[in-house]
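The values are calculated or read from the model by the stated rules, or taken from the named source; none is laboratory data. Here the structure is a predicted model, which means the values were calculated and not measured. Here the Cβ is made from the backbone with ideal geometry for all residues, glycine too, and neighbour counts use every protein chain on show. Note: areas computed on protein heavy atoms with side chains; ligands, DNA, RNA excluded. Shrake-Rupley method; radii C 1.70, N 1.55, O 1.52, S 1.80 Å.
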Amino acid sequence: MSKLMAGRTGLVVGVANKRSISWAIARKLDAAGGRLALTYQNERTERDVRKLAAELANEGPVLPLDVTDDDQLDAAVAAAADSLGGIDVLVHGAAFALPDDLGGRFVDTGREGFRTALDISAYSLTALARRVEPHMAARGGGSIITLTYIASHRAVPGYNVMGVAKAALESSVRFLAWDLGEAGIRVNAISAGPVRTLAARGVPGFGEMADQAAERSPLRRAITADEVGDAALYLASPLSAAVTGETMFVDAGFHAVGI
Ligand code: NAD
């Protein structure tokens, strides 16, 4: 079988370091023959992202992108499309909430914290989707993949406003799937089980919660970022040609049990 991503290109948003789930996804898409543009949020992460990008077999551009900045959104998508010769896949792995809004009581979330979490973690998907749409449509379709968590529909203590942001993100996936489906563009989310990353460290009690999830999952273990990468490769490739508007759990089955 030829490689699943041969001749295909992707824009990957959300790599901060080697533990980032988006990096695991990038490695899988690259190994499958895809050529990728990676973005970095700011100068703090630029060096790490450039070093990682250099490890890819099919090296592509590395571009600045803070998703709260419309000019940077325009520039990053245009530069990626230009340099790669088009965009087939978008991986969206950006999320953020103010540290004070993770842990403690959700009821104490302020207006600015709510706005920030929803803007960066949910609205950015729509902002990116609108910009990649013409590039994907020009190639007869594409695949947009975002990352979510089960706290979108269950109250996971400490996750708080990020759970509300994930609910908005998953709803956005369905509306975007409808809007972009006409052009053959598919939009899906992967709901990952706990993975020890930079973002996860910001959630108080994450380690204990991850251990409990591993014990209670049907597979009785934690998941790896690589396993999310494999699922993303499926969603990026023609193997999932009729799958859109879906939130797919990659969580060792945790979502399916009631204990
Ligand atoms: P991570 O910290 O490696 O990735 C989060 C990324 O968001 C970073 O690259 C960061 O630079 C980026 N980001 C934050 N604010 C941004 C902004 N303004 N502009 C551009 N980028 C910005 O952590 P991760 O765990 O790999 O997170 C990736 C995604 O996976 C997130 O959506 C997260 O919610 C989701 N997720 C993580 C877990 C887990 O347990 N780690 C589980 C389920 C879902």
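A few remarks follow.
- Average accessible area per residue (Å²) across the chain - probe 1.4 Å, nucleic acids and ligands excluded: 46
- Whether region 203-259 is rounded, prolate or oblate, judged on the alpha carbon gyration tensor where a/c under 1.5 counts as rounded: prolate
- Whole-angstrom gap from region 55-98 to region 126-149, using each part's C-alpha centre: 11
- Percent RCO, i.e. relative contact order, over the chain, from Cα pairs under 8 Å lying at least 6 residues apart: 20
- Alpha carbon centroid spacing (whole Å) that separates region 26-42 from region 160-180: 24
- Projected label distance in nm at ARG19 and ARG115, using a 7 Å step from Cα toward the beta-carbon: 3.1
- Directionally averaged shadow of the chain, computed from the convex hull of its alpha-carbon atoms, nm²: 13.2
- Label zone at HIS153 (point 7 Å along Cα-to-Cβ), backbone N below 20 Å, region 163-185: 163-179
- Ligands, DNA and RNA left out, the 1.4 Å accessible surface of the chain is 53% carbon and sulfur atoms.
- Straight-line cross-link partners of LYS51 among the aspartates and glutamates, defined as a Cα under 12 Å from its Cα and at least 8 positions apart when in the same chain: GLU59.
- Nearest 10 degrees, 0 to 90: helix 225-236 Cα axis against the chain principal axis: 50
- Note on GLN72 and ALA167: their simple-model spin labels are 2.9 nm apart, each label 7 Å out from Cα toward Cβ.
- Cα long-axis angle, helix 161-181 against the chain (0 to 90 degrees, to the nearest 10): 30
- Positive dipole terminus of the chain, leading residue within PHE249, TYR149, ALA138 (C-beta point charges): PHE249
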